[in-house]
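K.L.:
Supplied in C-alpha cells, the structure appears directly below.
Derivation of every value follows stated rules applied to the coordinates shown; laboratory data play no part. Nothing here was measured: the structure is a model prediction, and the numbers come from that model. Positions of Cβ are backbone-derived with ideal geometry, glycine not excepted, and every protein chain shown enters the neighbour counts.
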Amino acid sequence: MMQPIVSVQNLSKTYASGLVALDGVSLDIARGEILALLGPNGAGKTTLISIICGIVTKSAGTVLVGGHDSVTDFRAARALIGLVPQELHLSIFETVWDTVSFSRQLYGRKTDAAYIETLLRMLSLWDKRNAKIMTLSGGMKRRVLIAKALSHQPQILFLDEPTAGVDVGLRKEMWSVIRSLKATGVTVILTTHYIDEAEEMADRVGVIDKGRLILVEEKATLMQKLGQKKLSLHLARPVNDIPASLKAYGLHLSPDGSVLTYVHGSGAPRDIILRLLKDAESAKLDVHDISTEQSSLEDIFMGLVAK
Amino acid sequence: MNWHAVAAIFTYEMKRFFRTMGQSLVSPVISTVLYFVVFGAAIGSRIEEIDGVSYGAFIVPGLIMLSLLTQSVSNASFGIYFPRFSGTIYEFLAAPISATEMVLGFVGAAAAKSLLIGIVILATSAFFVPLSIAHPVWMVVFMLLTAFTFSLLGFIIGLWADGFEKLQIIPLLIITPLTFLGGSFYSINLLPPFWKSVSMFNPVVYLVSGFRWSFNEVADVSVGLSLAITCLFLLLCLATIGWMFRTGYRLKT
Ligand SMILES: Nc1ncnc2c1ncn2[C@@H]1O[C@H](COP(=O)(O)OP(=O)(O)O)[C@@H](O)[C@H]1O
Ligand SMILES: [Mg+2]
C-alpha cells in the first residue's frame, strides 16, 4: 500500500463503564478506496470511527490521518475528515443553506457560495436550500448531513450506517451518491451491518466483531480466499452411482441421479475443473449443462463471526 | 486560531437571540419598569436616601447586575446544553476547533447578549431616575467582567447539566438568592453585624459594590477588593472549564 491516508495502530477503547469496545485494532486505509466496516450491532464500528474523528477519546494506540496524529496535531488531522454520524443530529430550525455554510466555517474555511451550490446540486438538495430542516424527509436529512460533512472539501468521508433503517429506493440513491464521491477522489469509509451493502459498494471489507478487527481484505480476494464455489454437472442421462473414476473428487449426487455437484474452495488446484470435466467425459457421462455458484459475503461473514 | 469557527459560533448564537428579539428584550424592560414602580416609587418614597443617593438611583446598578448575572448564566448554559441535548455537538467536537475557540464563541455570544440587555435596562432606568455615572470606564469594565465571568459559569452549568431541570436549578437556587442577598437593593451596611459578616462570603456583594461605586462613588467594600474578587472568580471559572475540556468531561466519552 502507498502511504495510507488513515493509519490506526493498536487502538483500544474501554468506556467508563468498564466495557471494552475496541481491543487492539490496527488498520490502514488507502487513499481513494471505499472501505466497508462490517459488523453486528455493538461490534465497535461507531466507536472506531468516533475515535478517528475526535469525538471519543482513545484508551490506547495511535491514529494518524494524512500523517498527522489525531490528538497532538488535531487541526491538520480533522481538516481532512468529514463525518456523517449514525443519527440524524441537525439543528431543525435552520435552513439547509445556513447549516451547510455553518459547517464549512467551523472548519476555518471562508464561505464559498459556488462550491456549496455545486454540493447541494450533487446531493439533489438545491431546490430545498431555503427550506427549514424540520420540513425535510429522513432521506433528505441524511443528505444534508452528507453536505455538511463535505462542506469543507475533505479528502476522507466517514459514513456511519448511511442506510440503516431507510427503504430500498433510498439505499440505492445513497449508493450512487457514494460512488460519485469516490469518482471525485474522496476516500470513503462506511460502516454497515448489511452485507449486501459491503458487497455492492466496497473495494475492501473489514470485519469487526466484539471490538476486534477479525480481518481486512480486498473484497475480491476475500471472496476468492474464503468463498466456496459450487460446480454442478447436469446430466441428460441420470446415473445410479458416482462413477468409480470420479470418486476422488468427493462429488455429491442428487437423489434423482441427474445432477453431480462439486464444491471447492480457493485451495483447490487451478486446473481441477478442467480435469473433472475430462474425467467426466472419459466416464461416459452425458453432461448437457454446467452451472456455477459462488458463496456470498454473507456466507463468509457468518462463518467468521461464528468462530 | 480558527477565527472563522469562533465567528460562526458567535453569529449562530446571536441569531437565536435576534430571532426572538422582542421576547429577549421586552421582558427585561418590563421587569425593570416593575422594579422601579414597586421599589423606586412605592417603597422608595418611604426610604430616605442611602449614603446620600436617592433610593431610585441607588438600585439602578443592582438591577443591572441582577439581569447581567441571570441572563449570562441562562444564555450560556442553554447555548452549550442544547447541542449536547440534541446531538449536534458532534460537529463541534469533530471540527478543528480548540477549547479556547469554542468557549470564545459560545461564552462571547452569551456575554454579548446579556450586555445588550444590561444596556437596555440602563437606558430604561434613565426614564425613572436622573442617572449619573461617575466612572464610565470602570462601569464598562465591571459590566464586561461580570458578563464574561457569569457566562463562563453558565457554560460550566450547561456542560454539567444532564437534564433541563438541572439547567434551571442552579440559577434558581443559587444565583437569584445570592443576587437578592448581595446588596442589589440595599446597602449591606444596613444589616445587623452578624448578617453583614455572613454577606461578606457572598461574591455578588463585591460585584454590586464595585459596580455601584462606578455610578455614584458609594461602595460597601473597597473597589480594589471588588475587582480582585471578581477577577478571582473569573480565573476560577476559566480553570474549571480548562479542566473540563482536558478531561473531556461530559463532552467526550
Ligand atoms: N458512551 C458509551 N458508554 C459506554 N458504552 C458504550 C458507549 N458507547 C458505546 N458503548 C458500547 O460499546 C460497544 C460498541 O458500541 P458501538 O461502537 O456503538 O458499536 P456499533 O457501532 O458497531 O454498533 C457496545 O457494547 C456499546 O453498548
Ligand atoms: Mg454504530
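K.L.:
Classify segment A:228-306: rounded, prolate or oblate, from the alpha-carbon gyration tensor (a ≥ b ≥ c, eigenvalue square roots; a/c under 1.5 rounded; otherwise prolate if a/b is larger than b/c)?
P.N.:
On the way: a/c = 2.32, a/b = 1.78, b/c = 1.30.
Prolate, because a/c is 1.5 or more and a/b exceeds b/c.
K.L.:
Calculate how steeply helix B:3-19 sits against the longest principal axis of the alpha-carbon atoms of chain B, using the helix alpha-carbon long axis, and give the answer as 0 to 90 degrees to the nearest 10.
P.N.:
Rounded to the nearest ten degrees, it is 60.
K.L.:
For segment A:123-224, what's the relative contact order in percent, using C-alpha pairs closer than 8 Å and at least 6 residues apart?
P.N.:
Details: 77 pairs, mean separation 20.5, N = 102.
With pairs under 8 Å counted, the relative contact order is 20 percent.
K.L.:
Could you work out the local net charge near A:Pro243, counting Lys and Arg as +1, Asp and Glu as -1, over the other residues with Cβ closer than 15 Å to its Cβ? Could you put the intermediate results ahead of the total?
P.N.:
Details: positive: A:Arg237, A:Lys247, A:Arg275, A:Lys278, A:Lys284; negative: A:Asp241, A:Asp279, A:Glu281, A:Asp286.
Summing Lys/Arg as +1 and Asp/Glu as -1 gives +1.
K.L.:
Quote the charge dipole size of chain B about the Cα centre in Debye, to the nearest 20; the model charges only the Cβ of Lys and Arg (+1) and of Asp and Glu (-1).
P.N.:
Details: 12 positive and 10 negative charges, 119 e Å.
Rounded to the nearest 20 debye, it is 580 debye.
K.L.:
Moving to a separate point now. Got the relative contact order for segment A:228-306 handy, in percent, Cα pairs under 8 Å and 6 or more residues apart?
P.N.:
Numbers: 99 pairs, mean separation 34.9, N = 79.
Relative contact order comes out at 44 percent.
K.L.:
In nm, give the distance between the simple-model label positions of B:Val37 and A:Lys284, each being 7 Å from the Cα along the Cα-to-Cβ direction.
P.N.:
11.6
K.L.:
For segment A:188-297, run through the trypsin sites (Lys or Arg not before Pro) and keep only the ones in DSSP coil with at most 14 other Cβ atoms within 10 Å of their Cβ. Intermediate values should be presented prior to the final figure.
P.N.:
Values: sites: A:Arg204, A:Lys210, A:Arg212, A:Lys219, A:Lys225, A:Lys229, A:Lys230, A:Lys247, A:Arg270, A:Arg275, A:Lys278, A:Lys284; in loops: A:Lys210, A:Arg270, A:Lys284.
Taking segment A:188-297 and a limit of 14 other Cβ atoms within 10 Å, the loop trypsin sites (Lys or Arg not before Pro) found are A:Arg270, A:Lys284.
K.L.:
For the cross-link pairs A:Lys110/A:Lys148; A:Lys132/B:Lys15; A:Lys45/A:Lys210; A:Lys172/A:Lys210; B:Lys15/B:Lys113, which exceed 18 Å when the distance is taken from alpha carbon to alpha carbon? Please report the intermediate quantities before stating the final value.
P.N.:
Values: A:Lys110/A:Lys148 14 Å; A:Lys132/B:Lys15 15 Å; A:Lys45/A:Lys210 10 Å; A:Lys172/A:Lys210 29 Å; B:Lys15/B:Lys113 11 Å.
Check vs 18 Å cut-off fails for A:Lys172/A:Lys210.
K.L.:
Summarise the partner chain shielding of A:79-87 as one whole number: the mean count of Cβ atoms from other chains within 10 Å of each residue's Cβ.
P.N.:
On the way: counts 3, 1, 3, 1, 5, 0, 5, 1, 2.
Neighbouring Cβ atoms belonging to other protein chains average 2 per residue here.
K.L.:
Springs between alpha-carbon atoms under 10 Å, Gaussian network over chain B: tell me which of B:Ala57, B:Ala109, B:Ala228 tops the mean-square fluctuations.
P.N.:
B:Ala228
K.L.:
Can you compute the modelled spin-label distance between B:Gln23 and A:Thr111, with each label point 7 Å from Cα toward Cβ, in nm?
P.N.:
Result: 2.5 nm between the two label points.
K.L.:
Under 10 Å, Cα contacts only: if you run a Gaussian network model on chain B, which one of B:Met14, B:Met143, B:Met200 comes out with the highest mean-square fluctuation?
P.N.:
B:Met200
K.L.:
In a Gaussian network model over chain B where Cα atoms closer than 10 Å are linked, find which of B:Val37, B:Val221, B:Val107 has the largest mean-square fluctuation.
P.N.:
With Cα springs under 10 Å in chain B, the top fluctuation among B:Val37, B:Val221, B:Val107 is at B:Val37.
K.L.:
Counting only other chains, what is the mean number of Cβ atoms within 10 angstrom of the Cβ of each residue in peptide A:48-57?
P.N.:
Average per residue, whole number: 4.
K.L.:
Using label points projected 7 Å from each Cα along Cα→Cβ, tell me how many nm separate A:Val263 and A:Thr118, to one decimal.
P.N.:
With each label placed 7 Å out from Cα toward Cβ, I get 5.2 nm.
K.L.:
So what's chain B giving for Rg/Rh, alpha carbon basis, Kirkwood Rh from the mean inverse pair distance? Before the final figure, lay out the partial values.
P.N.:
Numbers: Rg = 18.7 Å, Rh = 18.9 Å.
My calculation of the ratio gives 0.99.
K.L.:
Right, next: In chain B, which longest range has no GluC sites (Glu not before Pro) that are both DSSP loop (not H, G, I, E or B) and surrounded by at most 13 other Cβ atoms within 10 Å? The partial results should precede the final answer.
P.N.:
Working: sites that count: B:Glu48, B:Glu49.
Here the longest segment lacking exposed loop sites spans B:50-253.
K.L.:
Now a separate question. Please give the helix A:113-122 orientation as an angle from the longest Cα principal axis of chain A, in degrees from 0 to 90, rounded to the nearest 10.
P.N.:
30
K.L.:
I've got another one for you. May I ask for the net charge around A:Ser291, where only other residues with Cβ less than 12 Å from the Cβ of A:Ser291 are counted and Lys, Arg are +1 while Asp, Glu are -1? Spell out each step's value before the answer.
P.N.:
On the way: positive: A:Lys229, A:Lys230; negative: A:Asp289, A:Glu293.
So the surrounding residues net to 0.
K.L.:
Still on this structure, I have one more. Quick check: the angle from helix A:272-282's long axis to the longest principal axis of chain A, C-alpha only, nearest 10 degrees?
P.N.:
It works out to around 30 degrees.
K.L.:
Using the Karplus curve 6.51 cos²θ - 1.76 cosθ + 1.60 with θ = phi - 60°, what ³J(HN,Hα) values do you get for each residue of segment B:235-247, in whole Hz, with x for Gly and Pro?
P.N.:
Running phi through 6.51 cos²θ - 1.76 cosθ + 1.60 with θ = phi - 60° gives 5, 4, 5, 4, 5, 4, 5, x, 5, 4, 6, 4, 8 Hz.
K.L.:
Using the Cβ atoms and a cut-off under 14 Å, what net charge is assigned to the surroundings of A:Leu125, where Lys and Arg are +1 and Asp and Glu are -1? Don't jump to the answer; show the numbers that get you there.
P.N.:
Numbers: positive: A:Arg121, A:Lys128, A:Arg129, A:Lys132, A:Lys141, A:Arg142, A:Arg143, A:Lys148; negative: A:Glu94, A:Asp98, A:Glu117, A:Asp127, A:Glu173.
Neighbourhood net charge equals +3.
K.L.:
Right, next: Which residues make up the longest stretch of chain B clear of chymotrypsin sites (Phe, Trp or Tyr not before Pro) that lie in a DSSP loop with no more than 16 other Cβ atoms within 10 Å, not counting the sites?
P.N.:
Numbers: sites that count: B:Phe127, B:Phe201, B:Tyr249.
Looking at chain B, B:1-126 is the longest stretch - no exposed chymotrypsin sites (Phe, Trp or Tyr not before Pro) with at most 16 other Cβ atoms within 10 Å.
K.L.:
Given a Förster radius of 22 Å and the C-beta distance between B:Val141 and B:Leu236 as r, what FRET efficiency does 1/(1 + (r/R0)^6) yield to the nearest 0.05?
P.N.:
Working: r = 19 Å, r/R0 = 0.85.
After rounding, the FRET efficiency stands at 0.70.
K.L.:
Hey, another quick one. Whole Å is fine, so just give me how far the alpha carbon centre of segment A:142-163 lies from that of segment B:57-134.
P.N.:
If you average the Cα positions of each part, the centres end up 34 Å apart.
K.L.:
Can you give the Rg to Rh ratio of segment B:78-191, both from alpha-carbon atoms, with Rh computed by the Kirkwood formula?
P.N.:
On the way: Rg = 17.3 Å, Rh = 16.5 Å.
Value, to two decimals: 1.05.
K.L.:
In addition: Quick one: Cα centre-to-centre distance for segment A:182-247 and segment A:55-105, in angstrom?
P.N.:
33
K.L.:
Apply 1/(1 + (r/R0)^6) to the Cβ-Cβ distance of A:Asp271 and A:Asp196, taking R0 = 41 Å, and write down the FRET efficiency to the nearest 0.05. Working shown, then result.
P.N.:
Numbers: r = 33 Å, r/R0 = 0.80.
With R0 = 41 Å, the Cβ-Cβ based efficiency is 0.80.
K.L.:
Would you report the distance distribution of C-alpha pairs in the protein assembly as shown as whole percents per 10 angstrom bin, up to the bin with the largest distance?
P.N.:
3, 15, 20, 17, 13, 11, 8, 5, 3, 2, 2, 1, 0
K.L.:
Which whole-Hz ³J(HN,Hα) couplings does segment A:11-18 yield from phi under the Karplus relation 6.51 cos²θ - 1.76 cosθ + 1.60, θ = phi - 60°, glycine and proline marked x?
P.N.:
6, 10, 9, 10, 6, 4, 5, x
K.L.:
Here's another thing I want to ask about it. Starting from the Cα gyration tensor of chain A, multiply each eigenvalue by 5, take the square root, and state the resulting semi-axes largest first in whole Å. Mind dumping the intermediate values first?
P.N.:
Working: eigenvalues 447, 106, 53 Å².
Each semi-axis is the square root of five times an eigenvalue, giving 47, 23, 16 Å.
K.L.:
Below 8 Å between Cα atoms, with a sequence gap of 6+, how large is the relative contact order for segment A:4-96 in percent? If you can, show how the numbers build up before the last one.
P.N.:
Details: 131 pairs, mean separation 26.8, N = 93.
Reported relative contact order: 29 percent.
K.L.:
For segment A:39-66, list residues with backbone N below 20 Å from a point placed 7 Å from the Cα of B:Arg246 toward its Cβ?
P.N.:
Under cut-off, by backbone N: A:56-60.
K.L.:
Check cross-link reach from A:Lys229 to the lysines: straight Cα distance under 27 Å, and skip same-chain residues fewer than eight apart.
P.N.:
Partners found: A:Lys219, A:Lys247, A:Lys278, A:Lys284, A:Lys307.
K.L.:
For segment B:1-78, which trypsin sites (Lys or Arg not before Pro) are both in a DSSP coil and crowded by at most 14 other Cβ atoms within 10 Å?
P.N.:
Details: sites: B:Lys15, B:Arg16, B:Arg19, B:Arg46; in loops: B:Arg46.
In loop regions of segment B:1-78 (DSSP not H, G, I, E or B), the sparsely surrounded trypsin sites (Lys or Arg not before Pro) are B:Arg46.
K.L.:
Can you give the mean number of other chain Cβ atoms that lie within 10 Å of the Cβ atoms in peptide B:89-102? Numbers along the way, then the final one.
P.N.:
On the way: counts 2, 9, 14, 2, 7, 16, 14, 13, 7, 2, 0, 0, 2, 1.
Partner Cβ neighbours, averaged per residue: 6.
K.L.:
Using the Karplus curve 6.51 cos²θ - 1.76 cosθ + 1.60 with θ = phi - 60°, work out ³J(HN,Hα) for each residue of segment B:55-60 in order, rounded to whole Hz, and write x for Gly and Pro.
P.N.:
4, x, 5, 5, 7, 4
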